[in-house]
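Notes to accompany the following structure.
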Amino acid sequence: MPMEITQTWDDDRLRQERVALVQQQMREQGVGALYIGDGTTVRYLLNIKVPSVQAFVPPSGDVLAFVRPRDAGYVKLQYSNIVEPPYDSAMAWGPEGGADAGANKLAAFIEDLMAQNGVAGEALGVDTLSFPALAAFNAAEIKLTYGQPCIEMARAVKTQDEIAIYRTIGDQYTHTVRAFREALRPGISENELAGLVVSAWYEAGGEEMAQLNVCAGENMNPWRRWPTQRAVRDEEFVGLDLHGFGPGGLRGDASRTFYVGEYPTTEQRDLYKRAHDYLLGTIDAFHGGRTYADALARVPKIASKYEAQMYNYHVAHAIGMSHSGYPEVNNRKAPLSDTLKPNQVLSVECFFAEEGATQAVKLEEMIVVRDGAPEILTLDVPFDERFI
């Protein structure tokens, strides 16, 4: 049954507040303007899904989107500040010798935009550029810098509308994971389960699937990631790691493990309980205002036999328009020199398994950082209650 979604967010305000956060970071980092080519980042700025689009971000005011004529019609229904791209980087290799001319036209266009916006001669932040465009920008003596830090720091803290969307994504995960659990039985294959999950995600109003891992039995350790034709067997664990795009292109990331059968061993019960207890204790470490070093020090200690596998994964990581980002908390890296901020959305994860063993339990929750205890976005996503 399709899941009904009630929109509780304002799309125009979402776009405006995102752009304002980026422009604030530009000022703080000494960047005059941005020229963005990454589709995910442009989606963040425009709140519209458009293929092959670039964007110019001025120091204030609206973003200018470079949209192909074939897409302009439907984009204009949602956003009017667009122009036709002056340069098609996809044809930069062509035999007609037009690549340099097109790239030079783009460089001149960007120079003119910077002058119009009062930032001529200041740094232009870029993320992805074709080689001809890079050469043209350098020939025009445009001062280039890496623009991605402005984007990463802006989207590290979510807007009020993004938080509302993430609550809906939590509901979508609940619908999808319940469908997965209900389908579990001996004989069904990992690929069949994966197909069912995709269907359930679309039923829940999900946009598309970014990444989907379904692993059964020995395929859970080491974590195989991509589903196979292996059939689920009685008396074993089956794991699901779901990365689905919800409204506005925001991406979720949560994991669950379930047991197939009626008679789990003492080892299986113990492993699941260890993972669940660790997950809850780790979530409680992430309070707003704490340093990352303080939060990491509060994460529950685990038996040394689980460390090698656990440390292949994050303790916690940001989610948003991409699978990860800033901040990232990882036992293999020094803690970030920063503090946790309210309205950061994180995935907190664990993977309990010994090297060489076939048993594994992978669990992951999505949370919103608060001044006190975090809000758990996936609170209603089921665990295997028999083990907790």
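The values are calculated or read from the model by the stated rules, or taken from the named source; none is laboratory data. Keep in mind it's a predicted model, so treat the numbers as computed, not measured. Positions of Cβ are generated from backbone atoms using ideal geometry, with glycine treated the same way; all protein chains shown enter the neighbour counts.
Name the residues in segment 2-37 that are part of a loop (DSSP other than H, G, I, E, B) and buried (at least 18 other Cβ atoms within 10 Å of the Cβ), would you?
9, 31, 32, 37 - these are the residues of segment 2-37 that are part of a loop (DSSP other than H, G, I, E, B) and buried (at least 18 other Cβ atoms within 10 Å of the Cβ).
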Item to complete: Please give the number of the condition residue 373 fails out of (1) touching an Asp or Glu at 6+ places or on another chain (Cβ under 7 Å); (2) without any contact (Cβ under 8 Å) to a residue 60 or more places away in the chain.
Response: (2)
Discussion item. I'd like the residue in segment 220-234 that is touching an Asp or Glu at 6+ places or on another chain (Cβ under 7 Å) and free of Cβ contacts under 8 Å to residues at least 40 places away in the same chain and, out of all such residues, is nearest to residue 323 (Cα to Cα).
Written reply: 227
Discussion item. Quick check on my filter: what residues within segment 87-97 are in a loop (DSSP other than H, G, I, E, B) and either modelled with pLDDT of 85 or more or exposed (fewer than 15 other Cβ atoms within 10 Å of the Cβ) (or both)?
Written reply: 93, 94, 95, 96, 97
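Just for segment 235-251: of the residues that are free of Cβ contacts under 8 Å to residues at least 60 places away in the same chain and over 11 Å from the mean Cα position of the chain (by Cα), which one is farthest from residue 272 (Cα to Cα)? So that I can check it myself, show each step before the final result.
If we filter segment 235-251 for residues that are free of Cβ contacts under 8 Å to residues at least 60 places away in the same chain, which is where we start, we get 235-236, 238, 245.
Restricting the remaining residues to those that are over 11 Å from the mean Cα position of the chain (by Cα) gives 235-236, 238.
Working: 235: 14, 236: 12, 238: 12 Å.
Among them, the one singled out is 235.
Scan segment 280-333 for residues that are in a loop (DSSP other than H, G, I, E, B), of a type in the set (Gly, Ala, Ser) and more than 20 Å from the chain's Cα centre (by Cα) and jot them down. Let's see the steps before the verdict.
Within segment 280-333, the first condition is being in a loop (DSSP other than H, G, I, E, B), and the residues that meet it are 284-290, 299-303, 311-315, 319-327, 330-333.
Those still in the list that are of a type in the set (Gly, Ala, Ser) too: 285, 288-289, 303, 320, 322, 324-325.
Result: 285, 288, 289, 303.
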Worksheet item: Would a scan of segment 9-18 turn up a residue that is in contact with a helix residue (DSSP H, G or I) (Cβ under 8 Å, 6 or more places away or on another chain) and either of a type in the set (Val, Ile, Thr) or under 30 Å from residue 182 (Cα atoms) (or both)?
Response: no
